[in-house]
1. Say we look at segment 69-95 and pick out the residues that are of a type in the set (Ser, Thr, Tyr) and farther than 14 Å from residue 40 by Cβ; which of these is surrounded by the most Cβ atoms within 10 Å (Cβ to Cβ)?
2. Could you check, for segment 24-35, whether at least one of its residues is part of a helix (DSSP H, G or I) and either among the charged types (D, E, K, R) or surrounded by 11 or more Cβ atoms within 10 Å (Cβ to Cβ) (or both)?
3. Suppose we filter segment 81-111 for residues that are within 15 Å of the chain's Cα centre (by Cα) and at negative phi; how many remain?
4. May I ask you to verify whether residue 52 is at pLDDT 95 or above and surrounded by 11 or more Cβ atoms within 10 Å (Cβ to Cβ)?
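The values are calculated or read from the model by the stated rules, or taken from the named source; none is laboratory data. These numbers were taken from a predicted model, which means no experiment stands behind them. Cβ: placed from backbone, ideal geometry, glycine included. Neighbour counts: every protein chain shown.
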Amino acid sequence: MGGKRGGNEPFGNKSGHDLEIEDDDMLSHYSNEPLVEVRDRGSEIDILLEANGSKAEDVVLERINSTSVNISLIYRGRKIRRKVSLPSRAKVKSYLINVKNGVARIKLITE
């Protein structure tokens with residue numbers, strides 16, 4: 001009934017630093033939310049949003065108020081909603097949506 005196993009491997013679970021990840025792309029699947037960047041340009045606010053798998057018609061601004069925007073889109077094959085805070089209070093007159101190379105650019109034209 002011995003307490004030793006064959007070889008020099010310790011018994012039990014391996015620690016995190018002993019694990020090897022062979023597929024670098026595997027880590028990208030752990031992100032459930034798209035990356036977002038907001039840029040205030042004075043009379044415009046640009047929202048850059050990771051939109052892998054989306055076309056411009058898949059990106060919808062559901063609600064716009066003076067402090068945030070609710071956006072829905074297709075992201076990695078599933079529909080998600082994201083609330084994006086604006087950097088400052090703004091009254092939005094209109095907006096443009098463009099999707100290119102997996103990035104949605106939403107330009108909010110403000111007063």
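1. The first filter runs over segment 69-95 and keeps only residues of a type in the set (Ser, Thr, Tyr), leaving 72, 75, 85, 88, 94-95.
Going one step further and asking which of them are farther than 14 Å from residue 40 by Cβ, we end up with 72, 75, 94-95.
Working: 72: 15, 75: 23, 94: 8, 95: 16.
Here the answer is 75.
2. Restricting attention to segment 24-35, the residues satisfying the condition of being part of a helix (DSSP H, G or I) are 24-30.
Still in the running and either among the charged types (D, E, K, R) or surrounded by 11 or more Cβ atoms within 10 Å (Cβ to Cβ) (or both): 24-25.
There is at least one residue in segment 24-35 that is part of a helix (DSSP H, G or I) and either among the charged types (D, E, K, R) or surrounded by 11 or more Cβ atoms within 10 Å (Cβ to Cβ) (or both).
3. Filtering segment 81-111 down to residues within 15 Å of the chain's Cα centre (by Cα) leaves 81-85, 99, 101-106.
Adding the requirement that they be at negative phi leaves 81-85, 99, 103-106.
Selection size over segment 81-111: 10.
4. Working: at pLDDT 95 or above: no; surrounded by 11 or more Cβ atoms within 10 Å (Cβ to Cβ): yes.
It is false that residue 52 is at pLDDT 95 or above and surrounded by 11 or more Cβ atoms within 10 Å (Cβ to Cβ).
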